[in-house]
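Trainee: The structure that follows is given in the form of structure tokens.
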Amino acid sequence: MFNFVGNVFRNLTRKPATRPYPYQKRAPIAGNRGHLVIDPAVCVYCGLCSKRCPARALAVTRKPNTWTLDPYRCILCGYCVEVCPKHCLSLKPEHGDYS
Amino acid sequence: MAKITVIPFGPQHPVLPEPIQLRLELKDEKVVSAIPALGYVHRGLEKLVETKDYLQTVYLVERVCGICSFIHSVAYCQGIEEMMGVEVPPRARFLRVIWSETHRLHSHLLWLGLLADSFGFENLFMQVWRAREAVLDLQESTAGSRVILGVCCVGGVRRDIDEAGRDQIKATLDRLEQDLHRIVKPILKDYSVQHRTVGVGQISRELTFERGAVGPVARAAGIAQDLRQTGYAAYSELDFQPVVETAGDCYARMLVRFREMSQSIELIRRAMERMPVSPISVPVKGNPDGEIVSRVEQPRGEVVYYLKGNGSKNLARMRIRTPTFANIPALLAMLPGCELANVPVITLSIDPCISCTER
């Protein structure tokens, strides 16, 4: 009947498992696919990333050179990063602030 | 003679994480029959394969289910690889096992929390979900995402687990094993838990077989059927034996999942020990042509992928039969004769995933 009592006391003496978000945010874990960034100086605007994107979140045009990401469509799979011939795309572990 | 009353259970109900309706015919407080109504979260994912190429579809099938996403991508990739005659490197096969088993762990922990919540054991719900958080953190650090990992690809996997990752997996599994040890006794020996689960939603081995149940529902009724026995990915090298119970009630289904969690921990440890050094993927050229059926074991049971290629980059057809779809007929056999108050516990005992079912 009192099987759970030990766990209850342990929970009472332990620190909370949660944190007071948004005042205290968790440090991003290395290797996490948090948000997509581009180095426009290296990009040749070939459009391969937008062709391969499974969510159609990228739009690339030439004349004028534009590279546009729709952050609400992006599923952060990293497929564009793999196919980019110039390696100008990368995923950073911090989550993007799109507010 | 008591009057028959029809009560709609769902689609919105406090214990249901996803919408399904069961129209319950009751005689006083006893269920006489149940009629399911599905279709609340149909998304038409199978149709989308016509607009995505077969490499993009990997990310699509991962989104069929928000819990066992990686295993969906394994089923799909194995089917395409078999169709195209692609040999996956051995290390990739072991990595697929590791992430499949972390998915099984967090799925069973999530289910256990929801079951505890369904009979009002809030403390246990909190305790189990806290333990699950460690598995999600592990997936985030090794694969880059918490649930929808996006690491499986046609020809292998996209990420390797290095030495630091292996140390972290070992530490997390040790801690998780301790957490499970602490909660196993309060759950399995507790009077209230036994009162709500032992003998509740019982189904015989014969009826389970007849209704075509899969996964823990079938194994809890004594059917030793687990797709991992076929040795897909690297399971053939990990001495896998299915977990089987015989009672066929909610308690037996809980026992099966508990033992499967311990088994998953052991399988991950073995996979890390026996994982060879090799590339993690091979390049894939050409387009799939032909048709194939790919089957793997998800936390809820067997998932079946039918894939048909026509030599173009888009598949001609994809059909998915998910485990919950196979378990609903068994659920309908469990409900007649039970008390209305036990319907939520019995429904949750099959671990229903409605988004999977409706795709």
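Trainee: When you check A:Y23 against the structure, is it away from every other protein chain (no Cβ under 14 Å) and either closer than 17 Å to B:S145 by Cβ or touching a strand residue (DSSP E or B) at 6+ places or on another chain (Cβ under 9 Å) (or both), yes or no?
Mentor: On the way: away from every other protein chain (no Cβ under 14 Å): yes; either closer than 17 Å to B:S145 by Cβ or touching a strand residue (DSSP E or B) at 6+ places or on another chain (Cβ under 9 Å) (or both): no.
Answer is no for this residue.
Trainee: Follow-up. Show the residue pairs that are 6+ apart or on different chains and have beta-carbon atoms under 8 Å apart, the first residue being within segment B:32-53 and among the basic types (K, R), the second being in a loop (DSSP other than H, G, I, E, B).
Mentor: Matching pairs, first to second residue: B:R43/B:R359; B:K52/A:P54; B:K52/B:N314.
Trainee: From the list B:M261, B:M254, B:M272, which one is in contact (Cβ under 8 Å) with a residue 40 or more places away in the chain and touching a His at 6+ places or on another chain (Cβ under 7 Å)? Give the derivation first.
Mentor: Values: B:M254 fails: touching a His at 6+ places or on another chain (Cβ under 7 Å); B:M272 fails: touching a His at 6+ places or on another chain (Cβ under 7 Å).
Of B:M261, B:M254, B:M272, the one residue that is in contact (Cβ under 8 Å) with a residue 40 or more places away in the chain and touching a His at 6+ places or on another chain (Cβ under 7 Å) is B:M261.
Trainee: To continue, here is another question. When you go through (1) part of a loop (DSSP other than H, G, I, E, B); (2) among the basic types (K, R); (3) under 30 Å from B:M334 (Cα atoms) one by one for B:K52, which number turns out not to apply?
Mentor: Result: B:K52 passes all but (3).
Trainee: While we're looking at this one, here's another question. Suppose we keep only residues that are touching a helix residue (DSSP H, G or I) at 6+ places or on another chain (Cβ under 8 Å) and within 25 Å of A:H35 (Cα to Cα) within segment B:123-141. Which one would you say is farthest from the other protein chains (Cβ to nearest Cβ)?
Mentor: That would be B:V135.
Trainee: A further question on this structure: Just checking, how many residues over segment B:45-55 are closer than 17 Å to B:R319 by Cβ and within 13 Å of another protein chain (Cβ to nearest Cβ)? Lay out the reasoning, then the answer.
Mentor: To start, the set of residues in segment B:45-55 that are closer than 17 Å to B:R319 by Cβ comprises B:45-52, B:54.
Next, only the ones that are within 13 Å of another protein chain (Cβ to nearest Cβ) stay: B:45, B:48-49, B:51-52, B:54.
Qualifying residue count for the region: 6.
Trainee: So, one more: Collect the residues in segment B:181-196 that are farther than 21 Å from B:D249 by Cα and either touching a Phe, Trp or Tyr at 6+ places or on another chain (Cβ under 8 Å) or basic (K, R) (or both), keeping them in residue-number order.
Mentor: Correct list: B:R182 only.
Trainee: Condition first: within 11 Å of chain B (Cβ to nearest Cβ) and without any contact (Cβ under 8 Å) to a residue 40 or more places away in the chain. Now tell me which residues in segment A:29-63 satisfy that. Give the steps one after another, and end with the answer.
Mentor: Our first condition is that a residue be within 11 Å of chain B (Cβ to nearest Cβ); within segment A:29-63, this holds for A:29-34, A:51-56.
Within segment A:29-63, A:K51, A:R52, A:C53, A:P54, A:A55, A:R56 qualify.
Trainee: Name the residue, out of B:V74, B:V58, B:V97, B:V64, that is part of a helix (DSSP H, G or I), within 14 Å of another protein chain (Cβ to nearest Cβ) and among the β-branched types (V, I, T).
Mentor: Details: B:V74 fails: within 14 Å of another protein chain (Cβ to nearest Cβ); B:V97 fails: within 14 Å of another protein chain (Cβ to nearest Cβ); B:V64 fails: part of a helix (DSSP H, G or I).
Only one candidate qualifies: B:V58.
Trainee: Let me ask something else about it. (1) out of contact with any helix residue (DSSP H, G or I) (no Cβ under 7 Å at 6 or more places or on another chain); (2) basic (K, R); (3) under 30 Å from B:R317 (Cβ atoms): which one isn't true of B:R259, the others all being true?
Mentor: For B:R259, the exception is condition (3).
Trainee: Identify, from the list B:G156, B:G120, B:G144, the residue that is surrounded by 23 or more Cβ atoms within 10 Å (Cβ to Cβ), small (G, A, S) and more than 9 Å from chain A (Cβ to nearest Cβ). Spell out the reasoning first.
Mentor: Working: B:G120 fails: surrounded by 23 or more Cβ atoms within 10 Å (Cβ to Cβ); B:G144 fails: more than 9 Å from chain A (Cβ to nearest Cβ).
Only one candidate passes the filter, namely B:G156.
Trainee: Further question: Which condition breaks for A:T66 when tested against (1) farther than 17 Å from B:G144 by Cβ; (2) surrounded by 13 or more Cβ atoms within 10 Å (Cβ to Cβ); (3) more than 10 Å from every other protein chain (Cβ to nearest Cβ)?
Mentor: Single failed check for A:T66: (2).
Coordinate-derived values only; no laboratory data. For clarity, every value in this text was computed on a predicted model and none was experimentally measured. Don't worry about glycine lacking a Cβ; one is built from the backbone with ideal geometry, like all the others, and counts go over all protein chains shown.
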